[in-house]
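Report on the following structure.
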Amino acid sequence: MPSKKTDAPKESQAAGTQTPDKANTNAKLQRLEAVRSDATGQALRTNQGVRIADNQNTLKAGDRGPSLLEDFIMREKITHFDHERIPERIVHARGTGAHGYFQSYGNHAALTKAGFLQDPEKITPVFVRFSTVQGPRGSGDTVRDVRGFAVKFYTDEGNFDLVGNNMPVFFIQDAIKFPDFVHAVKPEPHNEMPTGGSAHDTFWDFVSLVPESAHMVMWAMSDRAIPRSLRMMEGFGIHTFRLINAEGVASFVKFHWKPRQGVHSVLWDEAQKLAGKDTDFHRRDLSEAIEMGDYPEWELGVQIVPEADEHKFEFDLLDPTKIIPEELVPVTPLGKMVLNRNPDNFFAEVEQVAFCPGHIVPGIDFSNDPLLQGRLFSYTDTQLSRLGGPNFHEIPINRPVAPNHNNQRDALHRQTIHKGRASYEPNSIDGGWPKETPAAAQDGGFESYQERIDAVKIRQRSESFGDHFSQARLFFQSMSPNEQQHIIKAYSFELGKVEREHIRVREVNEILANIDLKLAAAVAANLGLPAPKAGTVQVKGSKLAKSPALSQMNHPGDVGIKGRKIAVLVADGVDGASVDQQVKALEAHSARIMVLGPTSAPVKTAQGKPLPVDASMEGMPSIMFDGIVVPAGKASLDALGASGLAKHFLLEGYKHLKAIALAKEGKALLDSLGLKEDKGLLLGDDQKTVDAFVKAVEGHRVWEREAAAEAVPA
Ligand code: HDD
């Protein structure tokens, strides 16, 4: 139980960390803002503050002579440039970030004493970094990979980092296997290929030998690994954590982020093309949305398991390769997060931000998940070489808004100028400050949950971690038929890239066959292998036949087509009134519309007026949109029908199951493409067509079309 002492140091009161009003939070944020630099109206100077008269020429002996070593201006500039790069993250190197805030829905004091979850009036600033795992900093955004979803809450009681992913489980159960896993998934050591992907021998060698990865690999082969947008992903804390209230009562929890934008993906063919046509597809989407005021929003929720129920599940709560199905323990919403500000400087904010699962605040604590326990060490350790020493908490993006006085001193890049003589505790020279805050005081100091441990020191995996296939099976069987087909294709694609036959065989016979024989047979057929007749182990199976919460189809979101991108295809002779009508109708739904022409030059409407276009169909191909509209105007429709670019745009949009609406007179164009109307391929000029189009975009893809679209070339 927590300590009963209540004598808090006066200093902590004076610091004003307790007042929960917005003004106070904003004032603290100002402390971070003070380091933002704006050079508008400022003179160009050296780092020492000397005004620079000539930034064009090195100091030389004569205008055609050799450069002089004494040119401190040139030397300072080049020296700094030579050292601009820092080591990229060993994993999650490719990422992007945004600022925002978290706001609790109510007072969750019964669950936790964490201050930021107690007051719906309190605005807690956050910084979020989304990332891929495998690829280097310059790799593509849409590769098949897990996405990191790391949130730093700058709470009044210190920073809380929720360092999760967009998938609720992980590849391994024990942190000691992390370097092995990462070495296997990273590009192969002899040729540093492939960049950004897992379709290669070492990855499949490892995962086919490590059955505990089966569940996570299933997620990685699903559509979750190719999100449509970072705004359209769920986030998960993965491990079981603890929340602890002021009475010391703890509950196990799993953290969830639910996007209001829904959970949506691109198709694999789109993902591959986007990785080439727009490497920055995801970061662009996030930053544009925020720029346009279309702020993405997530609900933070928890699945709560009372301590007493720890052992009531058919899996171990400490096993990070397992979910608690939401049908068994629903997600209780706690609050919302809104991302509403882009970084001013990528390096200073996104690159230098340092997360650590060990950054927690009073009211939150760890579980004994052995993967989490290892992470508590790794993250701080990695910053030492990545950010150059133990003072990375002083980099502005990492600074807490709560005060952080202590007796740690010196080391590389120290910025704080400590006053006082005593950098030790206890001391009598500086009045004994800074002092501990007893846990039971108001706004008490952090106290670890007092869990009773009576155990033998041992290197051994608990037997309760032994079932690797039941939840992988539950996942596959909970998917819609379309999603199941995508999974089959993803395994087939990836294993098809594996050069060594014995690895393919092992994955099919010893992993997939234990998950689902139909899945194994379908993948085997695509690889030219015999279908396995039975699995290699006895799989207990899950009591639940299905978990609907696992299918993306059941997460449509609640923002309609707000922010969805619609292409309006035009050419000379387009009916200006028809364009206006379509654009207005879609803008009424807050969709983001771009008018595309054969080139970036304006087109001439049937009414003889110039119509500016936003981009060319080549510059913004169909893969960058959620829906396509073709307005009326016979000459324009004929021109589009004669243009390979426009035909490809429409066929590709059709193939990728996008909603397409053509003016009625577009029938001939449709016929020439060999396409037939369906639920999302619409002909008409009336409101009914617009409504059907909006509904189809809202459905994200015209799933009913998928079989027919197979015949259309990619
Ligand atoms: Fe990790 C970065 C998520 C297991 C070691 N990890 C990193 C990031 C995310 C995750 C989102 C990027 C943070 C950022 O944007 O800066 N990692 C996870 C999740 C895991 C996980 C959800 C399992 C549930 N990680 C894990 C283990 C270890 C690490 C088991 C080591 C034992 N992770 C690291 C790291 C990184 C990192 C090497 C690289 C850069 C960094 O930490 O700051 O320390």
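Which residues, taken from the range 134-168, are within 13 Å of the ligand (Cβ to nearest atom), in a loop (DSSP other than H, G, I, E, B) and either surrounded by fewer than 23 Cβ atoms within 10 Å (Cβ to Cβ) or aromatic (Phe, Trp, Tyr) (or both)?
Residues satisfying the conditions are Pro136, Arg137.
So is Ala531 in contact with a strand residue (DSSP E or B) (Cβ under 7 Å, 6 or more places away or on another chain) and outside any helix (DSSP H, G or I) or not?
On the way: in contact with a strand residue (DSSP E or B) (Cβ under 7 Å, 6 or more places away or on another chain): no; outside any helix (DSSP H, G or I): yes.
No.
Please specify each residue of the range 60-119 satisfying the condition of being within 16 Å of the ligand (Cβ to nearest atom), touching a residue at least 60 places away in the same chain (Cβ under 8 Å) and more than 20 Å from the chain's Cα centre (by Cα).
Scanning the range 60-119 gives Ile86, Pro87.
Gly444: exposed (fewer than 15 other Cβ atoms within 10 Å of the Cβ), more than 33 Å from the chain's Cα centre (by Cα) and of a type in the set (Gly, Ala, Ser), yes or no? Before you say what the answer is, go through the steps one by one.
On the way: exposed (fewer than 15 other Cβ atoms within 10 Å of the Cβ): no; more than 33 Å from the chain's Cα centre (by Cα): yes; of a type in the set (Gly, Ala, Ser): yes.
In short, no.
Could you list all residues from the range 560-580 that are over 16 Å from Phe625 (Cα atoms), touching a residue at least 12 places away in the same chain (Cβ under 8 Å) and not aliphatic (A, V, I, L, M)?
Result: Asp572, Gly573, Asp575, Gly576, Ser578.
Can you give me the number of residues within the range 596-613 that are in a loop (DSSP other than H, G, I, E, B), of a type in the set (Val, Ile, Thr) and surrounded by 17 or more Cβ atoms within 10 Å (Cβ to Cβ)?
Number satisfying all stated conditions: 1.
Give the residue that is nearest to Tyr295 (Cα to Cα), with candidates limited to residues of the range 314-367 that are among the basic types (Lys, Arg) and in a strand (DSSP E or B).
Ranking the candidates gives Arg341 first.
Considering only the range 45-80, state which residues are surrounded by 10 or more Cβ atoms within 10 Å (Cβ to Cβ) and of a type in the set (A, V, I, L, M, F, W, C).
Answer for the range 45-80, where residues must be surrounded by 10 or more Cβ atoms within 10 Å (Cβ to Cβ) and of a type in the set (A, V, I, L, M, F, W, C): Val50, Ile52, Leu59, Leu68, Phe72, Ile73, Met74, Ile78.
Which condition does Tyr295 not pass, out of (1) out of contact with any strand residue (DSSP E or B) (no Cβ under 6 Å at 6 or more places or on another chain); (2) part of a loop (DSSP other than H, G, I, E, B); (3) farther than 30 Å from Val210 by Cβ, if it passes all the others?
All conditions are met except number (1).
Condition first: under 24 Å from Arg231 (Cα atoms) and in contact with a helix residue (DSSP H, G or I) (Cβ under 6 Å, 6 or more places away or on another chain). Now tell me which residues in the range 99-121 satisfy that.
Scanning the range 99-121 gives a single hit, Ser104.
Residues of the range 634-689 being under 32 Å from the mean Cα position of the chain (by Cα) and in a helix (DSSP H, G or I), which ones?
Within the range 634-689, His648, Phe649, Leu650, Leu651, Glu652, Gly653, Tyr654, Lys655 meet the criteria.
Do you know which of the residues in the range 246-305 that are among the polar types (S, T, N, Q) and in contact with a helix residue (DSSP H, G or I) (Cβ under 7 Å, 6 or more places away or on another chain) is surrounded by the fewest Cβ atoms within 10 Å (Cβ to Cβ)?
Ser251
Residue-wise test of (1) closer than 30 Å to Ala545 by Cα; (2) within 14 Å of the ligand (Cβ to nearest atom); (3) surrounded by fewer than 22 Cβ atoms within 10 Å (Cβ to Cβ); (4) without any contact (Cβ under 8 Å) to a residue 24 or more places away in the chain.
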| site | (1), (2), (3), (4) |
| --- | --- |
| Asp319 | yes, yes, no, no |
| Ile323 | yes, yes, no, no |
| Leu328 | yes, no, yes, no |
| Thr332 | yes, no, yes, no |
| Arg341 | no, no, yes, no |
| Asp344 | no, no, yes, no |
| Phe347 | no, yes, yes, yes |
| Val350 | no, yes, yes, no |
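Name the residue that is nearest to the chain's Cα centre (by Cα), counting only residues in the range 578-608 that are within 19 Å of Gly666 (Cα to Cα) and of a type in the set (S, T, N, Q).
The residue in question is Gln582.
Yes or no: Gly641 surrounded by 15 or more Cβ atoms within 10 Å (Cβ to Cβ) and in contact with a Ser or Thr (Cβ under 6 Å, 6 or more places away or on another chain)?
yes
Among the numbered criteria (1) out of contact with any Ser or Thr (no Cβ under 7 Å at 6 or more places or on another chain); (2) under 30 Å from Glu84 (Cα atoms); (3) without any contact (Cβ under 8 Å) to a residue 60 or more places away in the chain, which single criterion is violated by Glu394?
Of (1) out of contact with any Ser or Thr (no Cβ under 7 Å at 6 or more places or on another chain); (2) under 30 Å from Glu84 (Cα atoms); (3) without any contact (Cβ under 8 Å) to a residue 60 or more places away in the chain, only one is false for Glu394: (1).
Every number in this text was worked out from the coordinates using simple rules, so none of it is lab data. Given the structure is predicted, the values throughout are model-derived calculations rather than measurements. Note that we place each Cβ from the backbone using ideal geometry, even for glycine, and neighbour counts take in every protein chain shown.
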